[in-house]
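Worksheet: one structure, shown below.
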Amino acid sequence: MRAGRMRTGLKGWGGVGTMAFACVLAVLAALLLPMVPWHGTGGGGGADDDGHGVARGNQARAARECTDPEKQTLAPSGDDGPAIDAIRARAGEKRKLVVGVDQNSYRWGYRDPNSGGDAELEGFDIDLAHRIAKDLLGDEDAVQFKAIPTDQRIPAIQDGRVDMVVRTMTINCDRLEDVAFSAPYFRTGQQVLAPKSSKITGYDGTLSGKEICTAAGSTALSTLEQDQKDGRLAADADLRTTVPNQLDCLVRLQLGEVDAVVTDGALAASQAAQDPTVELKGDAFTTEYYGVAMKKDADDLVRRVNRVLEEWRADRAGGWQHSYEEWLSETMGGAAKSLPPTPRYLRGS
């Protein structure tokens, strides 16, 4: 990992939980970084000599018959293809990997306010994006970050605004209909975040009559809506408050406009680290996996990212474990709980 991206002055983050700073971050989230022209990923649907046509057929069936979405990905490969060629074909300064990220998720993708000036984006997801750029273009800095709201992650991929999204994005069956995912790189689950003084104890009956904030387009929202229909969540729990970005939920919680936030435990832990007046309530009530999202026909890019992930996990000096210790060890419950199991790939891929 680059020394220039080491944390500076994070011990003073205790004040980050103040409402003023959270609001500043929420405003920053709305600012998108400059856009670059998209040159397309190419990719066909026909069979070829190495069986990729079979793999695409497997992906289509997996989307229709999805039970383990984190396993519906292609085997790693170092081969180039149309999607990678299109990225490399960009001229001059535009020859960069364009990655959709968050810029207000503490320790995942954010700007350290203690750095001053034009602070670089840093965090766990940012480390991974630099690693992928290094593999594809030979330069870890050959990456352009675009801040994308939660509900714009899939449209940004489909519209060609980004080559991929590395933004705490859960792999699930619905999303596999619209985008392709890498193998998982992080394990987490949905959890409840509420003020320490709250009588809410977790994902249970204490949420009855409470107003819950979630991000639009998030797995948290879809899970809560389904659980309410199925009777696993109180019928009078109010799910109407949705926001573009997760940090906006923390702001609503600080303002007393909602009673609780439901989000991935990894993000909830980071938000609790920002504000000492809130805490995680109860255990995670789902098991989910983050993956890198790409266009559905970008098979060569998916395979290449999967190879990068395998190397990142195996690299003891500057890989997954290093990034975990650098960014997440202070707020998470141990690397073993967060490292996903050994990837399984689609048969015939």
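Points to keep in mind about this one:
- Residues being touching a residue at least 12 places away in the same chain (Cβ under 8 Å) and surrounded by fewer than 24 Cβ atoms within 10 Å (Cβ to Cβ) - total across the range 106-126: 7
- When ASP264, ASP259, ASP297, ASP283 are checked against the criterion of being more than 21 Å from the chain's Cα centre (by Cα) and of a type outside the set (Gly, Ala, Ser), ASP259 stands alone in meeting it.
- You will find that of ASP259, ASP275, ASP248, ASP315, the residue that is out of contact with any Phe, Trp or Tyr (no Cβ under 9 Å at 6 or more places or on another chain) and under 20 Å from GLY205 (Cα atoms) is ASP259 and no other.
- Strands (runs of 3 or more DSSP E) within the range 259-324 that include 3 or more residues open to solvent by 10 Å² or more (accessible area, probe 1.4 Å): 278-281
- The residues in the range 335-349 that are open to solvent by 60 Å² or more (accessible area, probe 1.4 Å) and among the polar types (S, T, N, Q) can be counted, and the count is 1.
- Selection from the range 102-138 of residues that are over 18 Å from GLU326 (Cβ atoms), part of a loop (DSSP other than H, G, I, E, B) and acidic (Asp, Glu): ASP118
- Qualifying residue in the range 89-99 (condition: open to solvent by 10 Å² or more (accessible area, probe 1.4 Å), touching a helix residue (DSSP H, G or I) at 6+ places or on another chain (Cβ under 9 Å), in contact (Cβ under 8 Å) with a residue 12 or more places away in the chain and not in a helix (DSSP H, G or I)): yes
- Tally, over the range 203-238, of residues that are buried (at least 19 other Cβ atoms within 10 Å of the Cβ), over 17 Å from LYS281 (Cα atoms) and among the aliphatic types (A, V, I, L, M): 2
- Scanning the range 139-181 for residues that are farther than 13 Å from VAL99 by Cβ, touching a residue at least 24 places away in the same chain (Cβ under 8 Å) and assigned to a helix (DSSP H, G or I) yields THR150, ASP151, GLN152, ILE154, GLN158, CYS173, ASP174, ARG175, LEU176.
- Here SER77 clears all of (1) of a type in the set (Ser, Thr, Tyr); (2) part of a loop (DSSP other than H, G, I, E, B); (3) surrounded by 24 or more Cβ atoms within 10 Å (Cβ to Cβ) except the condition numbered (3).
- The single residue among ASP230, ASP238, ASP248, ASP259 that is more than 19 Å from ARG187 (Cβ to Cβ), acidic (Asp, Glu) and at pLDDT below 95 turns out to be ASP248.
- Within the range 200-258, being closer than 23 Å to ARG167 by Cβ, charged (D, E, K, R) and in contact with a Leu (Cβ under 7 Å, 6 or more places away or on another chain) holds for one residue alone: GLU225.
- Verdict on GLU225 being in a helix (DSSP H, G or I) and either within 19 Å of the chain's Cα centre (by Cα) or aromatic (Phe, Trp, Tyr) (or both): no
- In the range 325-334, residue modelled with the highest pLDDT [restricted to those that are in a loop (DSSP other than H, G, I, E, B) and open to solvent by 10 Å² or more (accessible area, probe 1.4 Å)]: SER329
- Among residues of the range 42-74, those that are modelled with pLDDT under 85 and surrounded by fewer than 18 Cβ atoms within 10 Å (Cβ to Cβ), counted: 17
- Selected residue [in contact with a helix residue (DSSP H, G or I) (Cβ under 7 Å, 6 or more places away or on another chain) and assigned to a loop (DSSP other than H, G, I, E, B)] from LEU239, LEU233, LEU250: LEU233
The values are calculated or read from the model by the stated rules, or taken from the named source; none is laboratory data. From a predicted model like this one, the values you see are computed outputs, not experimental measurements. All Cβ positions, even for glycine, are placed from backbone atoms using ideal geometry, and neighbour counts span all protein chains on display. Side chains included, ligands, DNA and RNA excluded: accessible areas come from the protein's heavy atoms. Shrake-Rupley method; radii C 1.70, N 1.55, O 1.52, S 1.80 Å.
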